[in-house]
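Student: Input: one structure, supplied below.
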Amino acid sequence: PSWCPTSQSQLKAAEDRMLSCVRTAFIKQFVPVSCGNMLWTLAFCSDGVKNKTPMVVLHGFGGGVGLWAQNVEALSQDRPVYALDLLGFGQSTRPVFSTDPLEAEAQFVESIEQWRAKVGVESMIILGHNLGGFLAVSYAIKYPARLKHLILVEPWGFPEVQETMEADRPIPVWIKALGAMFSPFNPLASLRLVGPLGKSPTLVQTLRPDFKKKFSSMFSDNTVSEYIYHLNVQSPSGETAFKSMMDSCGWAKRPMLQRLDQLHPDIPISIIYGSRSSIDSTSAASIKEMRTNSHVEIITMRGAGHYVFADQADDFNNKVLQVCEKVD
């Protein structure tokens, strides 16, 4: 809307600031997919690792490629790494999604497959956080030959509605408050509704002061909250699709655990949770129980919350590198 002080160029500038500390050379490009849509992509691929299985990293709801600023340099030392803004998020095209949860999910998945074909990646490791983890498994179910390993980081959308939160991991107050206030709207509508008041460092910094701390080793100013603001006050698209895929309480309408038997048994899975996260980690145990003849590794990162990769970046990077050693 016109009262929101943002633009595509401001989002690009905010992302550039987020990535300014990345010293490794990388390429930034829009990769065309179907219907005139484009997926914004960062490609890290030095000559010494170009023959290794590439890793594709998928951000979570409300995220973008800039949030991997503390990870891409380390992860790309051993293999090519591609970070992309999901369809409808970040700098990628923001199309109109179907309101049907099955079709909306398929739009995300097909855009990833079209991206893969266009970039020319034959097989890959997919690392997905939050919504990105959900979509990674959905993609792997449909295109198993393209997967060498799945790394799910605090994935959204796995348990069924009746499964409750662990007693020692209560829902954070800020989530309850926003849910109560804005449930009839899209999940990030609050930032757009308050217009200029939402511009960081006001609302974003007030609601999520922890984000500044997560990236404190890189930035001492409001770089992170500026980026999150500009990511989430653009025209809602992926956000609207996500809302179609979940119920009013945030559960997936099509829980992934119900479909996990469709995932090829040869695809190994590593699941990473933060010890201080409010996300229910019992889904990981359920996955391990369901895939008795498959490789399932559950990793808990001490001192990390939902944004494991930012809370404990060095530990996270080292653990992911260890997981990937087994791939090649």
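The values are calculated or read from the model by the stated rules, or taken from the named source; none is laboratory data. Source: prediction; values computed, not measured. Note that each Cβ is placed from the backbone with ideal geometry, even for glycine, and that neighbours are counted across all protein chains shown. Ligands, DNA and RNA are excluded from the accessible area calculation, which covers all protein heavy atoms including side chains. Shrake-Rupley method; radii C 1.70, N 1.55, O 1.52, S 1.80 Å.
The rows are residues; the columns are (1) assigned to a helix (DSSP H, G or I); (2) farther than 12 Å from Val56 by Cα; (3) open to solvent by 20 Å² or more (accessible area, probe 1.4 Å).
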position: Ser92; (1), (2), (3): no, yes, no
position: Val96; (1), (2), (3): no, yes, yes
position: Glu105; (1), (2), (3): yes, yes, no
position: Ala117; (1), (2), (3): yes, yes, yes
position: Gly128; (1), (2), (3): no, no, no
position: Phe134; (1), (2), (3): yes, yes, no
position: Ala140; (1), (2), (3): yes, yes, no
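Student: Of all residues in the stretch 287-318, which are in a helix (DSSP H, G or I) and crowded, with 19+ Cβ neighbours inside 10 Å? Show your work before the answer.
Tutor: Of the stretch 287-318, the ones in a helix (DSSP H, G or I) are 287-290, 308-311, 313-318.
Selection gives Ile287, Val308, Phe309, Ala310, Asp311, Ala313, Phe316.
Student: Answer yes or no as to whether Glu160 is part of a loop (DSSP other than H, G, I, E, B) and modelled with pLDDT of 55 or more.
Tutor: Considered against the rule, which asks whether it is part of a loop (DSSP other than H, G, I, E, B) and modelled with pLDDT of 55 or more, Glu160 comes out as yes.
Student: Right, Leu11: closer than 22 Å to Ile151 by Cβ and either under 18 Å from the mean Cα position of the chain (by Cα) or not in a loop (DSSP other than H, G, I, E, B) (or both) or not?
Tutor: Here the answer is no, as Leu11 does not meet what is asked.
Student: Could you tell me whether the stretch 256-277 includes any residue that is under 13 Å from Leu131 (Cβ atoms) and either in a helix (DSSP H, G or I) or hydrophobic (A, V, I, L, M, F, W, C) (or both)?
Tutor: yes
Student: So which of Lys253, Lys243, Lys214 is in contact with a strand residue (DSSP E or B) (Cβ under 9 Å, 6 or more places away or on another chain) and open to solvent by 20 Å² or more (accessible area, probe 1.4 Å)?
Tutor: Result of the check over Lys253, Lys243, Lys214: Lys253.
Student: Residues in the stretch 258-286 that are open to solvent by 60 Å² or more (accessible area, probe 1.4 Å) and at pLDDT 95 or above: how many?
Tutor: Within the stretch 258-286, residues that are open to solvent by 60 Å² or more (accessible area, probe 1.4 Å) and at pLDDT 95 or above number 6.
Student: Here is a further query. With the requirement that a residue be on the phi > 0 side of the Ramachandran plot and out of contact with any Leu (no Cβ under 9 Å at 6 or more places or on another chain), what does the stretch 83-129 give you?
Tutor: Gly88, Gly120
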